[in-house]
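See structure below.
The values are calculated or read from the model by the stated rules, or taken from the named source; none is laboratory data. On a predicted model such as this, the values are computed, not experimentally measured, just so you know. Cβ placement follows ideal geometry from the backbone for every residue including glycine, while neighbour counts extend to all protein chains displayed. Ligands, DNA and RNA are excluded from the accessible area calculation, which covers all protein heavy atoms including side chains. Shrake-Rupley method; radii C 1.70, N 1.55, O 1.52, S 1.80 Å.
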Amino acid sequence: MAAAQRRQRRPGAHGTLITVAPTGAEHAKADVENLPVTLDELVRTARDCELAGAAMIHVHIRDDNARPTLDLGRLRETVAALRSETKLIVQLSTGGAVTDPEADRLRVLDALPDSASCTMGTVNFGDDVFLNRWEFVVELHRRMQERGIVPEYEIFDLGHLAALRRLLDEHGLPAGEHVHLDLVMGVPGGMPGDAETLVAALRMIPDGATFSATGVGRTTLPVLLASLSAGGHVRVGMEDTLSYARGERVRDNAQLVARAAGLAKIAQRPPLAPDEVRTILGVRQPAVPAGGSPR
Ligand code: KMH
Ligand code: ZN
């Protein structure tokens, strides 16, 4: 089948899902003073990014000392605050930091986000190792099926796409019955962030799946442009890059989202609204709290 026809068949290809990853687990607040780390900073960032065109937020949280944490109470509070202050699809990271134990990463799902990340295999991660054993991946997938949480499969290397096929063959479709994945490119130790590698990855993506792509560090722009031109969606944010242009630091996450939204419009695939993305990915509407609307 011709590439153009394949693109046409992907749901949502008329527009662009922009996900913002505002914080991550790797940058220290002491080094990056505009990194959103408190709940207030995160909510303000989320609102600004929604206005700029984001439909989904990929969330890592910090403790009172701005260190990464997977504390369940804080995660629940974060999900509730983002739901009440924005319409964004709330995706919690189950990747956490490379030092987080598996049990803590699995417990993230008890915060009942709309979506959660599910990394499809182990990868060298700079000088560290981001460990994702097969049994652990299966357990994440299974618990998300049980809880109705829509996974975003994180693909750091081409072999992770083979693992995704195996997962779906052996354990069935995810909650929402639609497969959505994110190509995380340019991590030192993972696949490179360039157009050739993105095209190679597309050949291995399950039929009917949607994909976004994230370019880490200086691969941000090449990956963004390659994904848009290939009918894909995009993830941007300070988790992935702190540099806006050569010699220019990122001002804030909304600046990155606004740039992605502008390029998506130029590509004739304007930003999709959160409700449109919910339909495409099979993410259910957030529960309405007793006596009120969700926002
Ligand atoms: N912080 C990385 C070790 C995810 O959020 O699921 C893993 C990561 C992927 O960021
Ligand atoms: Zn992450």
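Test of understanding: among Asp128, Asp100, Asp114, Asp110, which residue is away from ligand 2 (no atom under 16 Å from the Cβ) and out of contact with any Gly (no Cβ under 6 Å at 6 or more places or on another chain)? None of the others qualify; the one that does is Asp110.
Within segment 223-269, the residues that satisfy the criterion of being of a type in the set (S, T, N, Q) and surrounded by fewer than 20 Cβ atoms within 10 Å (Cβ to Cβ) are Ser229, Ser243, Gln255, Gln268. Please find, among Glu102, Glu85, the residue that is more than 9 Å from ligand 1 (Cβ to nearest atom), open to solvent by 40 Å² or more (accessible area, probe 1.4 Å), acidic (Asp, Glu) and touching a residue at least 40 places away in the same chain (Cβ under 8 Å). Among Glu102, Glu85, only Glu85 is more than 9 Å from ligand 1 (Cβ to nearest atom), open to solvent by 40 Å² or more (accessible area, probe 1.4 Å), acidic (Asp, Glu) and touching a residue at least 40 places away in the same chain (Cβ under 8 Å). A Cβ distance below 6 Å, combined with a sequence gap of six or more or placement on separate chains, defines the contacts here; from segment 140-155, residues that are under 30 Å from Gly186 (Cβ atoms) reach residues that are within 16 Å of ligand 2 (Cβ to nearest atom) and assigned to a loop (DSSP other than H, G, I, E, B) in the pairs Leu140/Thr94; Tyr153/Met120; Ile155/Met120. Taking segment 105-114 as the range and being within 11 Å of ligand 1 (Cβ to nearest atom) and either assigned to a loop (DSSP other than H, G, I, E, B) or closer than 13 Å to Glu146 by Cα (or both) as the test, no residue passes.
Per the listing Thr210, Thr220, Thr214, the residue uniquely surrounded by 22 or more Cβ atoms within 10 Å (Cβ to Cβ) and free of Cβ contacts under 8 Å to residues at least 40 places away in the same chain is Thr220.
Ala66: modelled with pLDDT of 95 or more, more than 16 Å from ligand 2 (Cβ to nearest atom) and touching a Lys or Arg at 6+ places or on another chain (Cβ under 6 Å), yes or no? Don't jump to the end; show me each part of the working.
Values: modelled with pLDDT of 95 or more: yes; more than 16 Å from ligand 2 (Cβ to nearest atom): yes; touching a Lys or Arg at 6+ places or on another chain (Cβ under 6 Å): yes.
Yes: the conditions hold for Ala66.
Looking only at residues of segment 184-241 that are touching a helix residue (DSSP H, G or I) at 6+ places or on another chain (Cβ under 9 Å) and of a type in the set (Ser, Thr, Tyr), we find that the one that is nearest to Pro11 (Cα to Cα) is Thr210. Residues in segment 133-189 that are open to solvent by less than 10 Å² (accessible area, probe 1.4 Å) and over 15 Å from the mean Cα position of the chain (by Cα): Phe136, Val137, Leu140, His141, Met144, Leu161, Leu164, Leu167, Pro174. (1) more than 15 Å from ligand 2 (Cβ to nearest atom); (2) charged (D, E, K, R); (3) in a loop (DSSP other than H, G, I, E, B): which one isn't true of Asp48, the others all being true? The one condition Asp48 does not meet is (3). With respect to the conditions (1) surrounded by 14 or more Cβ atoms within 10 Å (Cβ to Cβ); (2) farther than 23 Å from Leu281 by Cβ, Asp127 lacks only one, and its number is (1). Residues in segment 122-154 that are on the phi < 0 side of the Ramachandran plot, in a loop (DSSP other than H, G, I, E, B) and not basic (Lys, Arg): how many? Total meeting the criteria: 5. Among the residues of segment 88-97, those identified as within 14 Å of ligand 2 (Cβ to nearest atom) and surrounded by 21 or more Cβ atoms within 10 Å (Cβ to Cβ) are Val90, Gln91, Leu92, Ser93, Thr94, Gly95, Gly96. Quick one: is Leu92 under 30 Å from Lys265 (Cα atoms), within 16 Å of ligand 1 (Cβ to nearest atom) and of a type outside the set (Val, Ile, Thr)? Yes: the conditions hold for Leu92. Residue count for segment 58-78, restricted to those that are in a helix (DSSP H, G or I), surrounded by fewer than 20 Cβ atoms within 10 Å (Cβ to Cβ) and in contact with a strand residue (DSSP E or B) (Cβ under 7 Å, 6 or more places away or on another chain): 1. For the residues Leu42, Leu70, Leu17, Leu35, the requirement of being within 16 Å of ligand 1 (Cβ to nearest atom), of a type outside the set (Asp, Glu) and within 21 Å of Cys118 (Cα to Cα) singles out Leu70.
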